[in-house]
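*Asks:* One structure is given below, represented as structure tokens, and several questions about it will come after.
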Amino acid sequence: MLKEFKAFIARGNVIDLAVGVIIGGAFTGIVTSLTNNLINPLIGIFLGKMDLSNLAFKVGGATFKYGAFINSLINFLIVAFVVFLLIKMINKVIKKQPAQPAIDNKEVLLSEIRDLLKQQK
């Protein structure tokens, strides 16, 4: 079982996924900081409040913090836009590489048989 686990971990897909998750976590922190420290104050200037995360309203005993939701929404939109740009860039790189035709084993074997038959005649 340990041998199978090592083979699983050593596969490229798992390592790529791990790197993506780590970079994604770091990128999320950067986007959160961007939203909280740059975008919110800019929006707050126009709304007359400096901190959007404190925006809330009360209904009965419940407090609805819609400012925190706005922060999360801005974070999501920034991350989604960056992912869109990355995918678009990756698609351009992939399109530039010529597609190599897949070699079918049957074709290879038939070619070898043909060549052997030609040599025998």
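Readers should treat all values here as calculations from the given coordinates under stated rules, not as data from a laboratory. Just so it is clear, the model here is predicted, and its values are computed rather than measured. Glycine gets a Cβ as well: all are built from the backbone with ideal geometry, and neighbour counts include every protein chain shown.
*Asks:* Show me the trypsin sites (Lys or Arg not before Pro) within region 21-92 that DSSP assigns to loop and that have at most 10 other Cβ atoms within 10 Å of their Cβ.
*Replies:* Details: sites: 49, 58, 65, 88, 92; in loops: 49, 65.
Within region 21-92, no trypsin sites (Lys or Arg not before Pro) qualify (loop, at most 10 other Cβ atoms within 10 Å).
*Asks:* Right, another one. Percent of Cα-Cα pairs per 5 Å bin, from 0 to the last occupied bin, for region 2-120, please list those.
*Replies:* Whole-percent P(r) values from 0 Å outward: 2, 8, 9, 11, 10, 10, 9, 8, 7, 6, 5, 3, 3, 2, 2, 2, 1, 1, 0.
*Asks:* With +1 on the Cβ of every Lys and Arg and -1 on the Cβ of every Asp and Glu, and nothing else charged, how large is the dipole of region 2-120 about its Cα centre, in debye rounded to the nearest 20?
*Replies:* Magnitude of the dipole: close to 160 debye.
*Asks:* Using the Cα centre of region 2-120 as origin and beta-carbon charges of +1 (Lys, Arg) and -1 (Asp, Glu), tell me which of 45, 13, 102 is placed farthest towards the positive end of the dipole.
*Replies:* Highest projection toward the positive end goes to 45.
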